[in-house]
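To start, the structure itself, in structure tokens.
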Amino acid sequence: MHRLKYISHYPSHIQHQVQELLDKNKLGTILQKKYPAIHSFQSNKALYDFAIDIKNSYMRKSSPLSKVQYSDKISALNALGLHTRISRVHGGKLKAKKEIKIDSRFKQMPLEFLRMIVVHELAHLKEMDHNKAFYQLCEYMEPNYHQYELDLRLYLTFLDISDS
């Protein structure tokens, strides 16, 4: 029996299905078949351009992003992505910088998972809380958001178990 920390808040019938797939060594095969390749956005500049393209397509009027980058440090915070807002007084004016950091593990993941986490962090530019409006915005930017989120959690579960 494996600990299913990434899907612990999902209904028990889903957890049982995942446990069954793990017991039969089928979860990795299913995920590999569904998501056979990793994306090509390996540098911070490529990640920034990718995020800005999504932002400009769906949230053109939202605040500008100063930085989007991969980070090795946010996994220690038990996060996959992080958005920050930094306000500074500059020349008598208040300047706000908004940044997004994405866990470096996403460099080696399928495009769908990278897109899902970028969409999630971009949605925080408009909606700070994980409320109905937040998830509606996520679905607007990525119609398969919830499926990708579940599949990402399964992928992370598989990676955890493979590493142990």
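The values are calculated or read from the model by the stated rules, or taken from the named source; none is laboratory data. These figures come from a predicted structure and were not determined experimentally. For neighbour counting, all protein chains shown are included, and Cβ atoms are generated from backbone atoms with ideal geometry for every residue, glycine included. Surface areas here come from the heavy atoms of the whole protein model, side chains and all, with no ligands, DNA or RNA. Shrake-Rupley method; radii C 1.70, N 1.55, O 1.52, S 1.80 Å.
Please work out the average accessible area per residue across the range 1-61, using the 1.4 Å probe convention, and give it in Å².
Value returned for the range 1-61: 71 Å² of accessible area per residue.
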Ignoring ligands, DNA and RNA, what percent of the 1.4 Å accessible area of the range 1-141 is carbon and sulfur?
-> 51
Where does each of 31-41, 112-122 land if you order them by average Cβ count within 10 Å, highest first?
-> 112-122, 31-41
With +1 on each Lys and Arg Cβ and -1 on each Asp and Glu Cβ, how big is the dipole of the chain about its Cα centre, in debye rounded to the nearest 20?
-> 760
Might you report the magnitude of the Cβ-based charge dipole of the range 71-128 about its Cα centre, with Lys and Arg at +1 and Asp and Glu at -1, to the nearest 20 debye?
-> 400
Note, the range 40-46: 3J(HN,Hα) by Karplus (6.51, -1.76, 1.60, θ = phi - 60°), whole Hz, Gly/Pro = x, goes 10, 8, 8, 9, 5, 5, 5
Along the range 17-33, what does the Karplus equation 6.51 cos²θ - 1.76 cosθ + 1.60 (θ = phi - 60°) give for ³J(HN,Hα), rounded to whole Hz, x for Gly and Pro?
-> 4, 5, 4, 5, 4, 5, 4, 8, 6, 10, 4, x, 5, 5, 5, 5, 5
With bins of 10 Å, the percent of all Cα-Cα pairs of the range 42-129 per bin from 0 is 17, 50, 27, 5, 0
Listed candidates [x] 17.3, 63; [y] 15.3, 47; [z] 15.7, 58 - label of the one calculated as Rg and Dmax of the Cα atoms in Å = [x]
On Cα atoms only, tilt of 132-141 relative to the major axis of the chain in degrees = 90
Among H9, Y58, M109 - extreme Cα towards positive end, dipole of the chain, charges at beta-carbon = Y58
Computed from the beta carbon distance with a Förster radius of 41 Å, FRET efficiency for L150 and K97 to the nearest 0.05 stands at 0.80
Counting DSSP beta bridges with both partners in the chain, what percentage is antiparallel, nearest 5?
-> 65
Post the alpha-carbon centroid distance, the range 98-126 to the range 23-77, in whole angstrom.
-> 4
Unit charges on C-beta of K, R, D, E only; dipole of the range 34-75, Debye = 160
